[in-house]
Amino acid sequence: MLLDGKYVSEKLKEEITAEAAAVLATTGRQPHLAAILVGHDGGSETYVASKMKNCEKVGFKSTLVRYDESVSETELLAKIEEINRDPYVDGLIVQLPLPKHIDPEKVTATIDHHKDVDGFHPVNLGRMMRNLPCFIPATPYGILLLLEEYKIETSGKHCVVVGRSNIVGSPMSILMARNAYPGNCTVTLTHSRTKNLDDVVRSADIIIAAIGKKNFITAGMVKEGAVVIDVGINRETSAATKSGYKLYGDVDFEAVAPKCAYITPVPGGVGLMTIIGLLKNTLASAKKEIYGND
Ligand code: NDP
């Protein structure tokens, strides 16, 4: 069965729209997301445009600040500080990746954790570890919402996460092991140094693939009846599409789908849910649900 990110994201956007209208009615202003985009990377342009468009759809205000590739780290950090101080901005994201001369760790740490709706700041990550209220990184958050929507049983299951990035794999592994729903899994976090990866993945009840390699997870690596979450977004140029490219996941969907209980498509799965994670974090920030007025 398909875990349909399109259907679930549209449904949740309706709820977010109603909540944004309530925020406007009570505070006199819309939830407001600011995004900073450096350079012109094709993927980043698409993601940021989609985030801005979705803000508009649900009744949020959005502001995009653009810089050329050559912007200095000092100038970028000064802009972040300025937005941190702006009481009319609820959420601030800086689209990754950044040019090599800018340290992403410094950028992440400079964003005020009260506005860190991407959930990458060490304070939010630390609070997530301790199961305290925090902004959960948008992609893992979107995956949790999808599992919840389909009432996927997770307690006691073996969840294998493939990929250990700071933005997807590592936080996902922590969330799936938490004493919460979705969670309570026995988690194995795997990466490029993992031995016998095929065997490890084959033992999974739930597979979360965040590798960045087209069709990496093959049918032979998937147990009958497994739940498969495909985070990968791999772009290839294509003459057959209007946009000029085609998206592929990390999972060989055609071969794997017949074997598993549930699977996310690419596109139409986790990518759309990531936007929902970001919108929900921004809404929570506007409503001061995470940190109150501190
Ligand atoms: P990273 O490149 O940061 O991390 C990839 C991970 O995969 C690393 O931990 C790496 O291991 C591991 N890996 C690479 N090759 C292998 C291998 N042969 N065997 C086992 N593990 C391997 O990627 P991200 O986490 O940022 O993104 C992963 C994918 O998800 C990409 O396609 C990205 O575009 C997509 N993505 C999608 C989002 C969405 O909204 N749907 C959001 C964010 C990302 P090691 O650490 O050892 O190098």
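Derivation of every value follows stated rules applied to the coordinates shown; laboratory data play no part. Because the structure is a prediction, the values reported are computed rather than measured. Cβ placement follows ideal geometry from the backbone for every residue including glycine, while neighbour counts extend to all protein chains displayed.
Kirkwood-based Rg over Rh for region 1-85 (C-alpha set), two decimals? If you can, show how the numbers build up before the last one.
On the way: Rg = 16.0 Å, Rh = 14.9 Å.
Using only Cα positions, Rg/Rh for region 1-85 is 1.07.
So what's region 1-143 giving for Rg/Rh, alpha carbon basis, Kirkwood Rh from the mean inverse pair distance?
Details: Rg = 15.8 Å, Rh = 16.3 Å.
Ratio of gyration radius to Kirkwood radius for region 1-143: 0.97.
Dividing the Cα radius of gyration by the Kirkwood radius, what Rg/Rh value follows for the chain? Write out the running numbers ahead of the final one.
Values: Rg = 18.9 Å, Rh = 19.7 Å.
Reported Rg/Rh (Cα atoms, Kirkwood Rh): 0.96.
If you restrict to DSSP beta bridges whose two residues both lie in the chain, what percentage is antiparallel, to the nearest 5?
Details: 4 of 32 bridges.
Antiparallel bridges: around 10 percent, rounded to the nearest 5.
Full-extension gain between residue 130 and residue 179, please, as 0.36 nm times their residue separation minus the C-alpha to C-alpha distance.
Numbers: separation 49, 0.36 × 49 = 17.64 nm, distance 1.03 nm.
The residue 130-residue 179 span can extend by a further 16.6 nm.
Which pairs in the list 51/246; 51/288; 6/157; 11/79; 11/246; 6/106 are over 28 Å apart, alpha-carbon to alpha-carbon?
Values: 51/246 20 Å; 51/288 21 Å; 6/157 26 Å; 11/79 35 Å; 11/246 26 Å; 6/106 35 Å.
Pairs exceeding 28 Å: 11/79; 6/106.
Checking the a/c ratio against 1.5 first, then a/b against b/c, what shape does the Cα gyration tensor give for region 171-294?
Numbers: a/c = 2.23, a/b = 1.23, b/c = 1.81.
Since a/c reaches 1.5 but b/c is at least a/b, the shape of region 171-294 is classed as oblate.
Which whole-number percentage describes the relative contact order of the chain, with Cα contacts under 8 Å and a sequence gap of 6 or more? The partial results should precede the final answer.
On the way: 571 pairs, mean separation 60.2, N = 294.
Relative CO of the chain lands at 20 percent.
Taking a cut-off of 16 Å between Cα atoms, list the aspartates and glutamates near residue 151, but don't count ones fewer than 8 places away on the same chain.
Once the sequence-local aspartates and glutamates are set aside, what remains near residue 151 is 4, 205.
For helix 42-58, what angle does its Cα long axis make with the longest principal axis of the chain, in degrees from 0 to 90 and rounded to 10?
Helix 42-58 and the main axis of the chain meet at about 70 degrees.
So in region 112-263, what percent of DSSP beta bridges are antiparallel if you round to the nearest 5? Before the final figure, lay out the partial values.
Numbers: 4 of 20 bridges.
Looking only at bridges with both residues in region 112-263, the antiparallel portion is about 20 percent.
I need the peptides 263-270, 279-286, 35-42 ranked by packing, meaning the mean over residues of other C-beta atoms within 10 angstrom, with the highest value on top. Intermediate results must be reported in sequence, preceding the final value.
On the way: 263-270: 22.5, 279-286: 25.1, 35-42: 17.8.
Packing order, densest peptide first, comes out as 279-286, 263-270, 35-42.
Show log10 I(q)/I(0) for region 73-178 at q = 0.10, 0.16 Å⁻¹, two decimals, from a solvent-free Debye sum over equal Cα scatterers.
Rounded to two decimals, the profile gives -0.33, -0.77.
Using modelled backbone amide H atoms (1.01 Å from N, in-plane), which distant-in-sequence or interchain residues come within less than 5 Å of residue 228's amide H?
207, 262, 263, 264
What is the distance in Å between the Cα centres of region 207-285 and region 1-64?
The distance from the Cα centre of region 207-285 to that of region 1-64 comes to 21 Å.
Counting only helical runs of four or more DSSP H residues, what would the 222 nm mean residue ellipticity of the chain come to if each run contributes -39,500 (n - 2.57) and the total is spread over all its residues? Walk me through the numbers before you get to the answer.
Numbers: 10 runs with 116 residues, N = 294.
Taking each H run of at least 4 residues, the total per residue is -12000 deg cm²/dmol.
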